[in-house]
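Taking it in order: structure first as structure tokens, then the write-up.
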Amino acid sequence: MEAVAAHFMAKYNYWIYVVLMMIGFYAMIGKSNLVKKLIGMNIFQTAIILFFVSTGAKKGGSIPILDKYAALQGHVDVNQVVNPLPHVLMLTAIVVGVSVTGVALAVMVRIYRKYGTLEEDEILQKIENE
Amino acid sequence: MKINLQEARERIPQRDIILETTVRLMVPFIQLYGLYVIVHGHYSPGGGFQGGVVLGASVILLALALGLPASKEYLTEGTDIIMANVGALIFTGIAVLCALLGGMFLDYSVLTKILPIDPISWRSHGIFLVEVGVGMGVMTIMVSIYWDMASAGSLDEGL
Amino acid sequence: MKPLALLATLITGALLLYGTADFAAWGDPQSPPNSNISVRFIEEAVKETHVPNIVTAVLGDYRGYDTMFELVVIYCAGMAVMGVLRRREDQ
């Protein structure tokens, strides 16, 4: 029983992020409105960012901003400082996500101007009827 | 960057004196906070991208409260596009300058040949200059994307 | 269409949950992401750049190439939105 509880406490963050990823994935493939698909993509991406940042946590560690004079003179204890590398990579990922959302919404404005609807099956029917 | 308040007030169909006064008071403080976040990237969480988004949000707030033509008088389209290009060119310019002076691409310590400070201090100042460029670029692109999408391309009348 | 999407989602979720059996525990200081190059970054970044914020030092100096292309990406997104949405006067 303690082994199951210990295993749960060691991995439950990964399970929560997988559930969030699957919610976003279902919204992307299961819904037929284009805006709902885009929101599903955003949820998926948020789950990935949270997953990456959580791999760098350390038990008992604090933020990666050190005291300058203490670090220049003395030795830095690596186990007390949280890993900074996932934070750096995920800053880039957030900005790329914002850009993709912006361009996708602009393309949707053009699609609405031309076809008058944002439902995927109606757009396909209008393309076939032309 | 001046707004003609009488014209701005007459152009909006539903004017609200509380919104206009509050936004006019808040925008300088939001911009000061955005500059603070950019400059204090070395000593606290922050940096170029975060500060640039706060600065862009201040101009978008002005567009939401006083109408899109008023924010276009505040930050003209020409200034907007020029600042976006200058921001991207600052970053790439510093990187190519480092390569032209004999070091590798983005190796800030060879800039000692231009201004004779300690090479390790030049790395710290190089990071700061590059973050200023990033902040300028991000602010103007956020405002430009908002203008294009709120007016569906025509830039004359906002939300 | 919807039941098929739900089935695909559940199968993918089950495979991913099975894959988390190999991951390191949450908060382990000796896990593989925490032990290769980030040890060098944490120990040497303040001495080599005099910047106390390790995230800014890595973002602006050690990984400056990535930051430059991120700025280019957001610039291209602005240009793309302008190109898609603006109309000429004769249309």
Inset, instruction - Run the numbers on region B:5-150 and let me know its relative contact order in percent, using alpha-carbon pairs under 8 Å that are six or more apart. - result: 28 percent
Inset, instruction - Give the distance, in whole Å, between the Cα centre of region A:1-19 and the Cα centre of region C:1-61. - result: 17 Å
Legend entry - DSSP-assigned coil residues among GluC sites (Glu not before Pro) in region C:32-91, each with at most 12 further Cβ atoms within 10 Å: C:89
Inset, instruction - Would you mind giving the mean number of other chain beta-carbons within 10 Å of the Cβ of each residue in B:118-126, as a whole number? - result: 3
Legend entry - Volume in Å³ per residue [convex hull over Cα atoms, computed for chain C]: 183 Å³
Inset, instruction - Would you mind telling me which residue in B:19, B:61, B:75 has the biggest mean-square fluctuation in a Gaussian network model of chain B, where springs connect alpha carbons within a distance under 10 angstrom? - result: B:19
Inset, instruction - Would you be so kind as to identify all helices of chain A, as entire DSSP H runs, whose Cα atoms reach 30 Å or more along the helix's own axis and whose mean Kyte-Doolittle hydropathy is at least -1.0? - result: A:2-30, A:34-54, A:85-115
Inset, instruction - Mind putting a number on the dipole of region B:76-159 about its Cα centre? Charges go on the C-beta only, +1 for Lys and Arg and -1 for Asp and Glu, and I need it in Debye to the nearest 20. - result: 520 debye
Inset, instruction - Return the calculated 222 nm mean residue ellipticity for chain A, to the nearest 500 deg cm²/dmol, obtained by summing -39500 (n - 2.57) across DSSP H runs with n ≥ 4 and dividing by the residue count. - result: -25500 deg cm²/dmol
Legend entry - the protein assembly as shown - Rg and Dmax from Cα coordinates, angstrom: 24.4, 75
Inset, instruction - Quick one: plug the Kirkwood hydrodynamic radius of region B:5-150 (C-alpha pairs) into Stokes-Einstein at 4 °C, 1.567 mPa s, and report D in µm²/s. - result: 76 µm²/s
Inset, instruction - Just tell me how shielded C:26-36 is by partners: mean number of partner chain Cβ atoms within 10 Å of each residue's Cβ, no decimals. - result: 6
Inset, instruction - Work out the mean other chain Cβ neighbour count within 10 Å for the residues of B:36-44 and drop it here as an integer. - result: 3
Legend entry - Computed FRET value (nearest 0.05) for residue C:15 with residue B:22, which takes r as the C-beta separation and R₀ as 35 Å: 0.10
Legend entry - Angle in degrees between helix B:48-66 and the longest Cα principal axis of chain B, rounded to the nearest 10: 10 degrees
Inset, instruction - Among B:154, C:38, B:124, A:54, rank each residue by its count of other Cβ atoms within 10 Å, from fewest to most, as a rough exposure measure. - result: B:154, A:54, B:124, C:38
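All of the numbers you see were taken from the coordinates with simple rules; none came from a lab. All values reported here derive from a predicted model rather than from experimental measurement. Note that we place each Cβ from the backbone using ideal geometry, even for glycine, and neighbour counts take in every protein chain shown.
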